[in-house]
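Here is the structure we will look at, set down as structure tokens.
The values are calculated or read from the model by the stated rules, or taken from the named source; none is laboratory data. A quick note: this is a predicted structure, and the numbers were derived from the prediction, not measured. Using ideal geometry, Cβ is built from the backbone for each residue, glycine included, and neighbour counts are taken over all protein chains shown.
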């Protein structure tokens, strides 16, 4: 191509480019005015973990098995707990997450044997201090004695039921054995 | 003929004070508006909103930014050439004020009306290069120096097509304006007088219609002269950080910024005078038309900036020397020839 | 290539030349690359890339934790194709320990990886134009890219550094909405390609800046182990997805776009063509999405890999990404070495810079698409 032809062609492409950008002026803008509007969080949104509340317990079900502590690559979870007085079910007495370290990989959630961990919808957590340690048990702390009492009663009931069942089973077994040991021709009710 | 301030006030001291004050006010307000407009135009083109927080649609954003810049520390780097470094922003900004005072805003308003106005405008335009090179040399920074070197080469090169294309207009003015009735008397128009250039167009027709090539060359050269994209290589952000003003902060930087936008403003105003008939237009008063045309041109400059990538330095020079200069010389020759043929 | 910062040299030993430190903090250095340029005016005499400013010891971290605990690290090696790296690590471990992956999980992974590849190319396109001084295309690309991030956010919960893969599958199943939005996106991006072509690909300034600039010949490319779009732009049609198919790529029909020029323009064209091919793969994958599980019910975390050496490679958005694992049979690797494509690509760049101008350097660095954290790891 000669210089003249190239120049003309060049100007043509430049005008085409101007046309492209001019059309965009009349299109709807795509800005989200952030502090005034907030984005819709996706259903898989990952953030700080939290303890799930189970309907049948009306509380969390963290048994302080330490699986999440062991698998956490950032070592941001601190848990204390285990066997507590009065009830059989193990309980966590301390569950803290240092969110500043967390990389929201979700391994703790995947590994949890009681499925009591899930993502919270925590959003917009910018702050002026470095402390992002969250106490996940905070919302459960007040109701914990009540839960333990309920749990104790339930466990006692279960134990009693179990005991009753066991007794009943034993009786039935004994009766069966007695029946088996009795000669088949013996009349009813002689034992 | 526009009445100048000196004619109006009689006393030169008052006239100068009013003129400088007026020009500074216009330039400051204009720069504030243009910076806001630049942000808005870029936002519209990029499907964003631009500044929205300070004032209605962010109109006071630039004022807030200026206040911020006023409050900033003026950092002076080590090892600078002190006189050059400190003078540079002033040398860049001062000619802008002088050049603005030469322009005829309407039939009746002009700060000064000089017979060689067009020449003076180009002289003041050339001054900016000195300031830019002072800034680049004085900063003791390689990026700044590179930017300054590019700027000097670019501005000097592009002044040639700029002046050649304006020269075509000057020829046209002297050709069509031999006998023009003004205020009842017949005058021969002077091609170097900005008011006369406008009046030639009022009398005949806008020069963009008869000199489209010169208009295009002039527009491209103005883009290059004012360091606007796609010719913004002296301050190419992705290459030279901020080019010649890398080491300037606070209000010193603001002066460069003001000068850039004011230069753009002057470039557009001169283009309006040369090619778009200056203050001419129906119904609305002269200054309104003048500024409408100027801002329309500025909008195009912004639109261009937000569309194209940047040229490389050698391509920029090739474009100037291999395309623009031959084309403008050709245009000038053809113009002269046609005028000669028509006249004889 | 220099490994440490070294002294800032003020004077060169050669007359009429001077040093210019470009980076590590510079508006157009991708990440924290530092180029020590020896210049004669604006012409480059020599260029020495200095790396190591973003070293985070990922490989060392791998030696100190279980395989599974390394998953969040993977996507941070190359944050622009985090999904590909994340899935690649899972695939390597699956191959090492012979873990079965359900077919549905494989297809989901391919969709996610290809979306990630388009996303990475779009970002490259935008920043490349930014390097050349065009700001607007960058914003248009980000508009498109945002859509991909939203789609991936729906299933992974993250936007940039994904931890989506698990050994033997993925963490979360995709729903119908995800597939619909993915197909809608493919349609959308296809309608945007002509616009990009008009605004950028045909633009005379862009072509002038790119054509014949930074030519990497096939010989140089081979010598330095260049891979990915940079290699394919030099005329060698090597793509791991085709050369050593992994993760079910052999089931899909796609082309390997190549160009022979080897310049910035060729690299631009290859990447644009590759986005179209990724769209094709996504369409086929969505159509072929089988029902079934997306991975093992229980998290596979206690691995018993065989002792010995193991190598697994995938095609990341930047090229051949290989993982070399030295295993002693325990749940922790003795050594995990990552072969990242940007490193080789950057090394080859060094050879083509001589005699170009400062502005070309920016264009060339931009066109080979390096990600510094991936080089430094």
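Each row is one residue, and each column tells you yes or no for (1) part of a loop (DSSP other than H, G, I, E, B); (2) more than 20 Å from residue A:119 (Cα to Cα); (3) more than 42 Å from the chain's Cα centre (by Cα); (4) at the interface with another protein chain (Cβ under 9 Å from one of its Cβ atoms).
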{"site": "A:8", "(1), (2), (3), (4)": "no, yes, yes, no"}
{"site": "A:11", "(1), (2), (3), (4)": "no, yes, yes, yes"}
{"site": "A:14", "(1), (2), (3), (4)": "no, yes, yes, yes"}
{"site": "A:22", "(1), (2), (3), (4)": "no, yes, yes, yes"}
{"site": "A:32", "(1), (2), (3), (4)": "yes, yes, no, no"}
{"site": "A:44", "(1), (2), (3), (4)": "yes, no, no, yes"}
{"site": "A:61", "(1), (2), (3), (4)": "yes, no, no, no"}
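Go through C:319, C:295, C:366 for me and flag whichever is more than 14 Å from chain A (Cβ to nearest Cβ), on the phi > 0 side of the Ramachandran plot and touching a residue at least 24 places away in the same chain (Cβ under 8 Å).
None of the others qualify; the one that does is C:319.
Could you say which residue among B:29, B:5 is within 24 Å of residue B:286 (Cβ to Cβ) and modelled with pLDDT of 85 or more?
Being within 24 Å of residue B:286 (Cβ to Cβ) and modelled with pLDDT of 85 or more holds for just one of B:29, B:5, which is B:29.
Given the criteria touching a strand residue (DSSP E or B) at 6+ places or on another chain (Cβ under 9 Å) and not in a loop (DSSP other than H, G, I, E, B), does residue B:234 qualify?
Considered against the rule, which asks whether it is touching a strand residue (DSSP E or B) at 6+ places or on another chain (Cβ under 9 Å) and not in a loop (DSSP other than H, G, I, E, B), residue B:234 comes out as no.
Identify, from the list C:287, C:273, the residue that is free of Cβ contacts under 8 Å to residues at least 40 places away in the same chain and under 21 Å from the mean Cα position of the chain (by Cα).
The match here is C:273.
Please go through the range A:70-118 and pick out each residue that is on the phi < 0 side of the Ramachandran plot, within 12 Å of another protein chain (Cβ to nearest Cβ) and out of contact with any helix residue (DSSP H, G or I) (no Cβ under 7 Å at 6 or more places or on another chain).
Once the filter is applied, which keeps residues that are on the phi < 0 side of the Ramachandran plot, within 12 Å of another protein chain (Cβ to nearest Cβ) and out of contact with any helix residue (DSSP H, G or I) (no Cβ under 7 Å at 6 or more places or on another chain), the range A:70-118 yields A:70, A:74, A:76, A:101, A:102, A:109, A:110.
Out of C:193, C:185, C:167, which single residue is surrounded by fewer than 19 Cβ atoms within 10 Å (Cβ to Cβ) and either in contact with a helix residue (DSSP H, G or I) (Cβ under 8 Å, 6 or more places away or on another chain) or away from chain A (no Cβ under 11 Å) (or both)?
Unique residue meeting the criteria: C:193.
Based on this model, can you work out whether residue C:93 counts as part of a helix (DSSP H, G or I), surrounded by 24 or more Cβ atoms within 10 Å (Cβ to Cβ) and over 20 Å from the mean Cα position of the chain (by Cα)?
In short, yes.
Quick check on this structure: which one of C:321, C:310 is at pLDDT 85 or above, surrounded by fewer than 20 Cβ atoms within 10 Å (Cβ to Cβ) and under 30 Å from residue C:220 (Cα atoms)?
Unique residue meeting the criteria: C:310.
Looking for something surrounded by fewer than 20 Cβ atoms within 10 Å (Cβ to Cβ) and modelled with pLDDT of 85 or more - is there at least one such residue anywhere in the range A:77-86?
Yes, because at least one residue in the range A:77-86 is surrounded by fewer than 20 Cβ atoms within 10 Å (Cβ to Cβ) and modelled with pLDDT of 85 or more.
Could you grab me the full set of residues in the range C:51-73 that are without any contact (Cβ under 8 Å) to a residue 60 or more places away in the chain and either at positive phi or surrounded by fewer than 16 Cβ atoms within 10 Å (Cβ to Cβ) (or both)?
C:60, C:61
Tell me yes or no: at least one residue of the range B:316-330 is surrounded by fewer than 18 Cβ atoms within 10 Å (Cβ to Cβ), free of Cβ contacts under 8 Å to residues at least 40 places away in the same chain, under 30 Å from residue C:125 (Cβ atoms) and within 14 Å of chain C (Cβ to nearest Cβ).
yes
Pick out the one residue from C:215, C:220 that is in a loop (DSSP other than H, G, I, E, B) and either surrounded by 24 or more Cβ atoms within 10 Å (Cβ to Cβ) or more than 14 Å from chain A (Cβ to nearest Cβ) (or both).
Just one listed residue meets the conditions, C:215.
Within the range B:73-94, work out how many residues are over 18 Å from residue B:148 (Cα atoms) and crowded, with 16+ Cβ neighbours inside 10 Å.
Matching residues across the range B:73-94 total 1.
Check whether at least one residue in the range B:295-315 is at pLDDT below 85, within 14 Å of chain C (Cβ to nearest Cβ) and out of contact with any helix residue (DSSP H, G or I) (no Cβ under 6 Å at 6 or more places or on another chain), and report yes or no.
Scanning the range B:295-315, I find at least one residue that is at pLDDT below 85, within 14 Å of chain C (Cβ to nearest Cβ) and out of contact with any helix residue (DSSP H, G or I) (no Cβ under 6 Å at 6 or more places or on another chain), so the answer is yes.
From (1) at pLDDT 85 or above; (2) closer than 23 Å to residue B:114 by Cβ; (3) crowded, with 22+ Cβ neighbours inside 10 Å, pick out the condition that doesn't hold for residue B:161.
Just one mismatch for residue B:161, condition (2).
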